[in-house]
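Taking it in order: structure first as structure tokens, then the write-up.
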Amino acid sequence: MKVIVGIFMVMSFLISSSAYALKAGVPLEFENAEQEALYNDMLHELRCTVCQNQSIAGSNAPLADDLRGHLYKMVGEGAGEADIKKFMVDRYGEFVLYRPNFDPSTYLLWVGPFLLLLLGGIVLRLNVRSRSKINSSSDLTAEESELLANHLDSKEEKK
Amino acid sequence: MLPEIGQFLMVLAFCLAAIQSILPLLGAQRGQLSWMRMAPNLAWAQFAALAFAYGLLTYAFIYHDFSVAYAASNSSINLPIEYRISAVWGGHEGSLLLWILILGGWGVAVASFSNNLPVAMSSRVLAVMGMVSVGFIGFMVFTSNPFDRLMMVPLDGNDLNPMLQDPGMIFHPPLLYMGYVGFAVAFAFAMAALIGGRLDASWARWSRPWTTVAWVFLTLGIALGSWWAYAELGWGGWWFWDPVENASFMPWLLATALIHSLAVTEKRGAFRSWTVMLAILTFALTIVGAFLVRSGVITSVHAFATDPTRGVYILVFLAVVIGASLILYAWRAPKVGMGGGFSSWSRETVLLANNVLLVVACSAVFIGTMYPLIIDALGMGKMSVGPPYFNSVFVPLMVPLLIMMIIGPLVSWKNATFKGSFERLYPVLAVGLLAAVVWPLTMGEWGLIPAVMIFIATGIVGTFIVDLLPRIKAPDFAGRIAKMKKLNTSWLGMHVAHVGMAITIIGMAMAASYQTEKDVRVAPGDVVELAGYSFTFKGVQEVRGANYSSLYGTVEIRENGELVTILNPEKRTYDKHQGMPMTQASIDRSVFRDLYVSLGDPVGTTGAWIVRVYYKPFMTWLWTGVIIMSVGGILAISDRRYRVKIKRRLTGRKEEPQAVVD
Amino acid sequence: MNRHMIPLAVFAALLLLFWVGLGLNPKVIPSALIGKEAPKFELPELHDPQKMVNNEMLKGQVTIFNAFASWCISCRQEHHQLLKLQREGFYLVGLNYKDERQDALMYLRQLGGDPYAMIAYDYKGDVGIEWGVSATPETFVVDKKGIVRYKHTGPLYREVIENELIPLIRKLEQES
């Protein structure tokens, strides 16, 4: 019996009975546009912890229904994004956030790509400089080379 | 009996691949012509064995041989024939066999089209491909045998996963694998060049068509996956930055860098080390992808039933193949040298920037995908990195790259001036700016992201036009047509591919920024208004399909009172997968917008339903753009210099290929 | 030569990461509650709806707090282990998660008995969310002061019970 397969067996035919359960896609009423926007944003920011990598936006799992219900309730009570995230993290850990927090453990994650971009720029600059030195005495000036190249490009097909 | 023959054929293929790895390589080292000449024969024999084995597995599926465990778990009596055929690649073992078959097929293709290569080179290429085959066939034979039998033969199978019972899903894996495996060819060429110590423009010219074709396949394969997600998942989304999706996207980014780098190496002899490294890394990422999908190391909706034993095997294979190639690279690369020089403003510089930016973009996706694993491995708990992260980081990183697409084609090779380039560019930039200001306003609301994307897309098209006009200058229309016919297909391919990308970008940006949707509770007869259309819900009927029951909805769409179309969203429950209802969205596609309807859940028992309605502007441009990109790729390799070679091969003339100057 | 060896070094690090990764299970999420007080709750008891079960009842002794449901197949696998633990003198409190009362009672009868000192009946599943339950079965260990000290996701197997659960409980029993 595969241990890993056996672990998560949430039966989706179970009709959700929580007062807070919301089936996916149920039309909802909000007091104002900000609340609606917050709800819709958070749907995509929170992870369904029983699913195989899905947000609570589209999941049919009963737990997702419950979490959507809690989310709706909190939004209706005027909770902000930080409050909602804290509620979820207190219970499920950082795992439940699809947008990792910005703290020392994730500096590399958030800053890394841009550092790499900077590094790439430096590599580029160094590389280009050393290559342009290889360019030995050309009889043509840069403008003349350009003109010649363009001319050759368009004459190519005559071969 | 037949499955056992299949098993035997696989072992045979394994042995043939092993010989193919060793004999031609030794032959090339020692100058033994007879050994080198064995390579194509071995490739053909290996492919034949694999093709028969694959055929036998398909036979088991078509004729419901449920004694084969793999067929029992992926097929059923009621499964329609087309899905029985595609179910062969519906699970781990069968998809692996498909991969291996395609690898063998590429090997045969290389063997057939390499008459103009020096025999030592083609032998080495085939030998390296043999090594890769040994690894994969070994993986199959030792850990993932699709021909395993069941002691108790079930009366019916478990049926194919409902998610895969869709036309898009039939073609998605084969196209993807054609791409992935095609990069093994580029890798083999790079290795052969390193081994032989000959890393020059001709190596790049031979390598280029193979790599570009593989790139086209991968592009189409990825797009097809998105197409399927859009139609099948019911939420109008088409990309989720899931680790397995990223596993296909990362090689695509590097492969794009590779095809550009190969162009520079071919034309100017520069970037040789870059090109070799990109070939190695692209192939490495395809194996990393296989590892991620099949080992259980990450959580994904796409992952096959996972098994750490398989993970260990792939990891060892990855270590050996890529480790060896990187060692070879470290040894040989210093001797390669830099190739032709160029000034600090030139097309080479732009393409070098292109290489760097694509590698950075790929690294960003890589960091995001691996980060949860890194944190877990360091004992720092579990975290998730999802679409909010990737969208925030990746999109800004892509912008400089996309701007290169506007600038690059108008910058001359080797030696250009800022002034000269700017003179050609400024009309393009001006039109781009104008479009960026005006177009979003016509959509309703100006936004920065759509504006930037529109600027880029318009710029790319503008660059094409600016580059085209001087080449078709003629006194009259007939003259212009005549000149158009003589345009260099390779040059045209570049622009067509770029324009395809521009169209795709518009599709993505517009649909994301300007889509509208409504979730509604409707009873039969209710009407929903969205984006100037009226959606009338007519109700849901129960309908029976081959191996499923469907709740079949009908929605009429009217514009200004006139019927535009009737859509039929469904909710299917497959007999063997009762717990997994599948949404089948119904989409009316047209040039400027998609109208998308999907069923949610029933409300009570009165026939009322929750329905989701979407208006997605320019969505079709996404798919169309990808197809145009692929056409561009095909154009690029159908250039006369490659055609001349094929013609030569067919007519049997053995001339020395001339050095091509572009 | 050095510059060209950087890719190899990065690759080696990646291989190491993957190797470690093979030994990890991405599906098991650690509890956010470890080291914190058990969540406040009050629910009716499964057998006797007039009685209430609350978090205070988890204090005073080391408690095994186990979330289960009749519709949960994996729960059936661990049930005999729970009965064994009860026989050996451990204190179990159950959380019947999103279940029908009659189904739960029948489940206990079918599987050979009730190992729990009391069972909190969480019909709505809200208390489950408070405990961060994402799937059943899940087992927590709560110490005498009511602090959550351990969580195990999935059925309790022999090795887990012997190597982790019992040693931890013994240690916690030593604490005042």
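The values are calculated or read from the model by the stated rules, or taken from the named source; none is laboratory data. Fair warning: this is a prediction, and the values are worked out from it, not measured in the lab. Backbone-built Cβ (ideal geometry, glycine too); neighbour counts: all protein chains shown.
When B:E266 is tested against the conditions (1) over 21 Å from the mean Cα position of the chain (by Cα); (2) more than 10 Å from chain C (Cβ to nearest Cβ); (3) part of a loop (DSSP other than H, G, I, E, B); (4) not aliphatic (A, V, I, L, M), the lone failure is (3).
Go through the residues of the stretch B:330-348 one by one and say whether even a single one is surrounded by 21 or more Cβ atoms within 10 Å (Cβ to Cβ), of a type in the set (S, T, Y) and outside any loop (DSSP other than H, G, I, E, B). No, the stretch B:330-348 contains no residue that is surrounded by 21 or more Cβ atoms within 10 Å (Cβ to Cβ), of a type in the set (S, T, Y) and outside any loop (DSSP other than H, G, I, E, B).
Residues that are within 12 Å of another protein chain (Cβ to nearest Cβ) number at least 3 in the following strands (runs of 3 or more DSSP E) confined to the stretch C:70-176: C:148-153. Restricting B:P372, B:P396 to residues that are surrounded by fewer than 21 Cβ atoms within 10 Å (Cβ to Cβ) and facing another protein chain (nearest Cβ under 10 Å) narrows the list to B:P396.
Quick check: is even one residue across the stretch B:535-545 in the same structural domain as B:I610 (by TED's automatic domain parsing) and of a type in the set (S, T, N, Q)? Yes, the conditions are met somewhere in the stretch B:535-545.
Each row is one residue, and each column tells you yes or no for (1) more than 10 Å from chain B (Cβ to nearest Cβ); (2) in a helix (DSSP H, G or I); (3) not charged (D, E, K, R).
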site	(1), (2), (3)
A:D66	yes, yes, no
A:L71	yes, yes, yes
A:M88	yes, yes, yes
A:R91	yes, yes, no
A:L116	no, yes, yes
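When B:V141, B:V181 are checked against the criterion of being buried (at least 24 other Cβ atoms within 10 Å of the Cβ) and at pLDDT below 95, B:V181 stands alone in meeting it.
Going through (1) modelled with pLDDT of 90 or more; (2) surrounded by 15 or more Cβ atoms within 10 Å (Cβ to Cβ); (3) in contact with a helix residue (DSSP H, G or I) (Cβ under 7 Å, 6 or more places away or on another chain) one by one, C:K40 falls short only on (2).
Being in a strand (DSSP E or B) and at negative phi holds for only one residue in C:F65, C:F18, and it is C:F65.
Looking at B:A263, is it touching a Lys or Arg at 6+ places or on another chain (Cβ under 8 Å), in the same structural domain as B:L635 (by TED's automatic domain parsing) and surrounded by fewer than 23 Cβ atoms within 10 Å (Cβ to Cβ)? When the stated conditions are applied, B:A263 passes them.
Conditions (1) surrounded by fewer than 17 Cβ atoms within 10 Å (Cβ to Cβ); (2) over 20 Å from C:K124 (Cβ atoms), marked per residue:
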position: A:Y72; (1), (2): no, no
position: A:G80; (1), (2): yes, yes
position: A:K86; (1), (2): yes, yes
position: A:E94; (1), (2): no, yes
position: A:P100; (1), (2): no, yes
position: A:D103; (1), (2): yes, yes
position: A:T106; (1), (2): no, yes
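Does C:L8 satisfy being more than 13 Å from chain A (Cβ to nearest Cβ), at pLDDT 90 or above and either part of a loop (DSSP other than H, G, I, E, B) or surrounded by fewer than 15 Cβ atoms within 10 Å (Cβ to Cβ) (or both)? In short, no. For the stretch B:282-317, taking the residues that are part of a helix (DSSP H, G or I) and touching an Asp or Glu at 6+ places or on another chain (Cβ under 9 Å), the one that is nearest to the other protein chains (Cβ to nearest Cβ) is identified as B:S295.
Within the stretch B:446-467, none of the residues are more than 29 Å from the chain's Cα centre (by Cα), surrounded by fewer than 13 Cβ atoms within 10 Å (Cβ to Cβ) and in a loop (DSSP other than H, G, I, E, B).
Filter the stretch B:571-582 for residues that are touching a residue at least 24 places away in the same chain (Cβ under 8 Å) and either touching a strand residue (DSSP E or B) at 6+ places or on another chain (Cβ under 8 Å) or over 27 Å from A:P62 (Cβ atoms) (or both) and give the result.
Scanning the stretch B:571-582 gives B:K571, B:R572, B:T573, B:Y574, B:D575, B:M580, B:M582.
Residues of the stretch B:322-342 include at least one that is within 12 Å of chain A (Cβ to nearest Cβ), aliphatic (A, V, I, L, M) and farther than 30 Å from A:R91 by Cβ. If the condition is being part of a loop (DSSP other than H, G, I, E, B) and closer than 17 Å to B:L97 by Cα, then the stretch B:126-159 contributes B:S144, B:N145, B:P146, B:F147, B:D148. Scanning the stretch A:94-114 for residues that are more than 7 Å from chain B (Cβ to nearest Cβ), aromatic (F, W, Y) and assigned to a helix (DSSP H, G or I) returns A:Y107, A:W110, A:F114.
Taken together, B:A608, B:A585 contain a single residue that is touching a Gly at 6+ places or on another chain (Cβ under 8 Å), touching a residue at least 12 places away in the same chain (Cβ under 8 Å) and within 14 Å of another protein chain (Cβ to nearest Cβ), which is B:A585.
Just to verify a result, which residue in the stretch C:11-34, among those that are among the β-branched types (V, I, T) and within 22 Å of C:R149 (Cβ to Cβ), is surrounded by the most Cβ atoms within 10 Å (Cβ to Cβ)? Across the stretch C:11-34, the extreme among qualifying residues is C:I29. Here B:S412 fulfils each of the conditions (1) under 30 Å from A:Y98 (Cβ atoms); (2) small (G, A, S); (3) in contact (Cβ under 8 Å) with a residue 40 or more places away in the chain apart from (1). In the stretch B:634-649, the condition of being at pLDDT 90 or above, out of contact with any Leu (no Cβ under 7 Å at 6 or more places or on another chain) and closer than 20 Å to B:V496 by Cβ is met by at least one residue.
The set of residues in the stretch B:576-589 that are out of contact with any Ser or Thr (no Cβ under 7 Å at 6 or more places or on another chain) and surrounded by fewer than 16 Cβ atoms within 10 Å (Cβ to Cβ) comprises B:Q578, B:M580. You will find that of B:A255, B:A190, B:A247, B:A214, the residue that is surrounded by 23 or more Cβ atoms within 10 Å (Cβ to Cβ), without any contact (Cβ under 8 Å) to a residue 60 or more places away in the chain and either part of a helix (DSSP H, G or I) or not assigned by TED's automatic domain parsing to the domain that holds B:D639 (or both) is B:A214 and no other. Output the residue which, of all residues in the stretch B:410-423 that are buried (at least 20 other Cβ atoms within 10 Å of the Cβ) and part of a helix (DSSP H, G or I), is nearest to the other protein chains (Cβ to nearest Cβ). Per the stated criteria, the residue is B:G420.
Inclusion of B:S549 among residues that are surrounded by 13 or more Cβ atoms within 10 Å (Cβ to Cβ), assigned by TED's automatic domain parsing to the domain that holds B:V603 and more than 22 Å from A:V26 (Cα to Cα) is warranted.
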